[in-house]
Structures are given as C-alpha cells and as structure tokens.
Amino acid sequence: MTIKNISYNLLLQAIKVAFENDMDIFKFYDPNENPKNIDDIVEDIGSKILEYEGSLYKGIFDEDKLIGYFVYIDNALISFALNIKYRVKEWLDFLYDSIKKELGLFICCLWNTNTRAIKWLQKKNMRINYFDNNITELICQ
C-alpha cells in the first residue's frame, strides 16, 4: 500500500482503473452529465480536474499496481476513487488515512447523487456542512 505523486496522464489511467467494472457509478455520477461508458467518465472527470490549476494528483498502488487515486488542492479534496476490488475496509481505511495525512482538516464537495461517497465520508466522521439542490459539502470534525 503506497501513495505516490502521479502525472496527469497517469491520473487518467487511475480514474479508468478505479471505475472499471463499477456499473453502479452511473447512478452516482454528476446528474448534469450523461456518460455512456467509463471512458466518458474518465474524460469528464479529467477535464473537471484541469479546472483546478495547481491541484495535486496522488496514485494509490498495491505494490506496483495502480488501483486508485485522489486529487486535492489546498485543503479541498476534489476527486477520489478506488478500484471496486479494493473497496474493502483495509484499503478504504488506507485511502482515508492517506487523504487525511496529505490534507489535514479538509472539505469535500460531492454531487448529492453520490450517496455512496457521502455515506462513506460520514462513516469517517466527516459531517455535512452545507447542501443545496446539487451539492453536498462535507468537512472533517
């Protein structure tokens, strides 16, 4: 289990790996988009991340195998995902602990439709600070 800085091109690969075989992702995704497949999601997430100039890209590795990623700027977690095969307690704990170690106290804004991620962050003791018709903002306690 390691976290490494990665390039934007490797980030795109990490996004693809993270959502491979996750057919549920479409119901949790940005309600303003209509992705047809995982490649559409990779392209959309990648383009949205580029809007955050200066953001840092971290790859999550099982030995040398890229299995996920997270992206942040300052104390804001922008995007994160882990391959479906690794969404087990040990790896999910490692992901959250790694994010917390990098960012300290942080915020994360998610689409309201992404109930899976919202619930997971709440289990990690983050609380909802704000929400509207589209976005839920969570903060560390």
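Coordinate-derived values only; no laboratory data. Keep in mind that this is a model prediction, so the values were computed, not measured. We place every Cβ from the backbone using ideal geometry, glycine too, and count neighbours over all the protein chains shown.
Summing charges over all other residues whose Cβ lies under 12 Å from the Cβ of L50, with Lys and Arg as +1 and Asp and Glu as -1, gives -3. Each other residue within a Cβ distance under 15 Å of K4 adds +1 if Lys or Arg and -1 if Asp or Glu, for a net charge of -1. The residues V17, V88, when put in order of fewest to most other Cβ atoms within 10 Å, stand as V88, V17. Length available on full extension from L105 to S7: 0.36 nm per residue minus the Cα-Cα distance, which gives 32.8 nm. Charging the Cβ of each Asp and Glu at -1 and of each Lys and Arg at +1, and nothing else, the dipole of the chain about its Cα centre rounds to 560 debye. With neighbour counts taken as other beta-carbon atoms within 10 Å, the residues F70, F28 rank, fewest first, as F28, F70.
From its DSSP helices (H runs of at least four residues, each -39,500 (n - 2.57)), the chain gives a residue-normalised ellipticity at 222 nm of -11000 deg cm²/dmol.
First select every other residue whose beta carbon is under 15 angstrom from the beta carbon of F19; then total the charges, Lys and Arg +1, Asp and Glu -1. It works out to a net charge of -2. Given a cut-off of under 8 Å on Cα pairs at least six residues apart, what relative contact order in percent is computed for the chain? Averaging sequence separation for qualifying contacts and normalising by length gives 24 percent for the chain. A cut-off of 5 Å between modelled amide H atoms, ignoring neighbours fewer than 5 places along the same chain, links I67 with I60, F61, D62. R0 = 35 Å: FRET efficiency of E20 with N129, Cβ-based, nearest 0.05? In this case the efficiency is close to 0.65.
Which of the three applies to the chain, rounded, prolate or oblate, going by the alpha-carbon gyration tensor with a ≥ b ≥ c and a/c under 1.5 meaning rounded? Provide the component values of the computation, followed by the final result.
Numbers: a/c = 1.30, a/b = 1.06, b/c = 1.23.
Because its axes are fairly even, with a/c under 1.5, the chain counts as rounded.
Multiplying the residue separation of E63 and N34 by 0.36 nm and removing their Cα-Cα distance gives an extension gain of 7.0 nm. Cα centroid separation, segment 71-129 to segment 2-68: 14 Å.
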